[in-house]
1. Post the alpha-carbon centroid distance, region 81-153 to region 1-28, in whole angstrom.
2. Once the principal axes of the Cα atoms of region 79-134 are found, what is the range along each, listed largest first in whole angstroms?
3. If you compute Rg and Dmax of the Cα atoms in Å for the structure shown, which of [x] 14.3, 41; [y] 21.5, 72; [z] 18.8, 62 do you land on?
4. Which peptide among 133-144, 90-101, 11-22 comes first, and what is the full order, when sorted by highest mean count of other Cβ atoms within 10 Å?
5. First check a/c for region 114-153, with a ≥ b ≥ c the square roots of the eigenvalues of its C-alpha gyration tensor; if it is under 1.5, answer rounded, and if not, answer prolate when a/b is larger than b/c or oblate otherwise.
Amino acid sequence: MSLHIALYQPDIPGNTGAILRLAACLGITVDLIEPAGFDLSDRSLKRAGMDYIAKAVLTRHPSWEAFCEWREAENRRLILFTTKGAASYCNVAYKQNDVLLFGRESAGVPEHVHEQADQRVTIPMQGEARSLNLAMSAAMGAGEALRQLGAMG
């Protein structure tokens, strides 16, 4: 099994493209939970992902419910990155089959998604900061998980 990054109804094609590029370079699968706020053929998505999009492993899930069915069948733990998390993302013992879930840039995830997460974590920031860019957050989370799993060289 392998580490996954899941994107809940992403809004900004450039962020999704950057995450697909990150995933292609690091050997991580991306799960896109639809609907997305843009067409997946968007030029911004392709510009940010460059030629790496063709190398990325992307699974599209038509709904949150379909994603949950897949996750249950695969027996994967769901780690939600959220500004409402109690624990730092660095204080999680990551596992090979984890799914790192990131919410919409505009609204995060709804409460029912929070409730279904196995763990909710946050990236600590300075007091006046609201949130980090989605692609940067995904890179930080994936980097820490891969470091712990011994996959960073």
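1. Spelled out, the Cα-based centre of one part sits 13 Å from the other.
2. Per principal axis, max minus min of the Cα coordinates gives 33, 24, 17 Å.
3. It is the value labelled [x].
4. Highest to lowest by the protection proxy: 11-22, 133-144, 90-101.
5. Oblate, since a/c reaches 1.5 and b/c is not below a/b.
Any read-out appearing in this document is the output of simple, stated calculations on the displayed coordinates, not a laboratory observation. Keep in mind the model is a prediction, meaning the values are calculated, not measured. Backbone-built Cβ (ideal geometry, glycine too); neighbour counts: all protein chains shown.
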